[in-house]
1. Taking 0.36 nm per intervening residue step and subtracting the Cα-Cα distance, what contour gain separates Asp229 from Asn394 on full extension?
2. Provide, in order from the shortest bin, the percent of all Cα-Cα pairs of the chain in each 20 Å bin, continuing until the bin that contains the maximum pair distance.
3. Among Gly273, Phe29, Gly312, which residue has its Cα positioned farthest towards the positive end of the charge dipole of the chain, with +1 placed on the Cβ of Lys and Arg, -1 on the Cβ of Asp and Glu, and the dipole taken about the Cα centre?
4. For segment 168-274, what relative contact order do you get, as a whole percent, if you take Cα pairs closer than 8 Å and at least 6 residues apart?
5. Under a plain spin-label model, where a point goes 7 Å from the Cα along Cα-to-Cβ, how far apart in nm are Gln367 and Val423?
6. Peptides 346-352, 258-264: what's the order by average Cβ count within 10 Å, highest mean first?
7. Could you work out [θ]222 nm for the chain from helices alone, using -39500 (n - 2.57) per DSSP H run of at least four and dividing by all its residues? Round to the nearest 500 deg cm²/dmol.
8. Near Lys41, which lysines are there with a Cα under 21 Å away, not counting those fewer than 8 places off in the same chain?
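Just so you know, all these numbers are worked out from the coordinates, no wet-lab data involved. Computed from a predicted model, the values in this text were never measured in an experiment. No Cβ is skipped: glycine too gets one built from the backbone with ideal geometry, and neighbour counts run over all protein chains shown.
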Amino acid sequence: MTVKNEGSRKPDSRSLAALLAALAFLVLFAFAGVNASTTLKETTVSTLMPLPKLFFSLSSASILLIPLSVVCMGCALVALLSRQRNVAMLFAGISFVTFGLFLFFFSREEMNSALYTPLSDALKEAGVKFKKRDVKGIAVSFQPTAFLALAAAGAAMLLSMPRLGREEERRQVRRDLLPYGYIAPHLFFFIIFFITPAVYGIYAAFTKWDLFNEPVFVGLENFKTMLLDSKNTYYQQLRNGLWNTVKFVLYSVPFCILVPLTLALALHAKSRGNKFFQAVYYFPSLLSITTVTLSWRYMFSPDYGVMNRFFGSNANWFTPPYSWIVIVVITVWWCTGSTMVIYQSALASIPQDHYEAASVDGAGAWQKFLHITLPGMRYPLMYTFVTSVVAQFNIYGQPLMITGFANREANAVLLMYIQENAVKKQVAGMSAAMALVLGLCIMAVSFFQLRLMRNNVPD
């Protein structure tokens, strides 16, 4: 017997009211604003900052709660349209709590750069001469529409709440919300630490921003500079950094596939001590890239390193072309363990009967590998190929700690320039534009790989 929860499935007046409340939240948020004022040298100035503009100000941690609140209310709206009132209650509740926390924490910030910029302009227009340290604090108050938006979010949550008088209704609520309870922690951190920074990063790529003041929208100016202005430093940085990144991918990815595959095949033989060697090979993947790189840097040191003593050489491993060899060796040694485990699992899934039948037919070891092992490992090989390419495009720590910007920036990859410009030179807008270009390159390569994988899938 199938029990239906009429409170969550059947459209009624409460569902319609909850839908209107969710829409009201989004509308009120679009028209809400924050009033800011400050007094300096007996001169008081004030400004009004709309919340949607504050959304893109990137000026404080509490602002990160705004996209979470808006996204959750959007999810609640979709759930109500899908007649999933229990799910709508969950997302509307999260939106209500996060928006309330934003109002609470933001109103207690004494110095917000997004509000300081228009206030400082107003003080200058008033003829007041001052320095930033002279401004002791900014008084913040929200417009009534902000509190009405909070009330609308609360109303959407309350109106979406089901009736819990019967046992069937309580079971239906548990069935509807239990899956979201499992994914809630991951979803929360995914939105806060991935979706939100990605949206802000894309927006920052079209701004002039120094990480401290409010970003100024400049459109495609950053992209014109680094893609078309050959006399500009950022043009040279993009070309050199992206080319070095591509070279590293070409150098390292084949070894990141072949070395783990060779080790997995050797361990699959079930020889004595294979568990010990499996643990030894996997151990480097548990270490941080800083620990791994510094350890290998000591070993390759021209003055006291083990490698020169072992080979009886005086080579400087930190200059081209040896520096690329060192960086590739470090990367392969660090990445081998996790990829090897995937290949071991794939080898274990291949039926032993196939090898026995091939032996009866007179197939040799090489023929078995080509016609049984490789086809049986097709999907793990494709998966690790795609993930290895994406991972190596994000190379940063190894070249930074091995050579840095030495050797005329011969090993400087694009992420090094991005970090250098954003943190040290405080040109965050240009850095975001470079990061966006790198992301688009990774997406293009991944799309090509996935299409290639799809075309190779048998019918």
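1. Working: separation 165, 0.36 × 165 = 59.40 nm, distance 2.54 nm.
Additional length available on full extension: 56.9 nm.
2. 18, 37, 35, 9, 1
3. Checking the options against the dipole of the chain, the answer is Phe29.
4. That works out to 9 percent.
5. It works out to 5.7 nm between the two label points.
6. Peptide ranking by packing, descending: 258-264, 346-352.
7. Only helices count here, giving -21000 deg cm²/dmol.
8. Partners within reach: Lys124, Lys129, Lys131, Lys132, Lys136.
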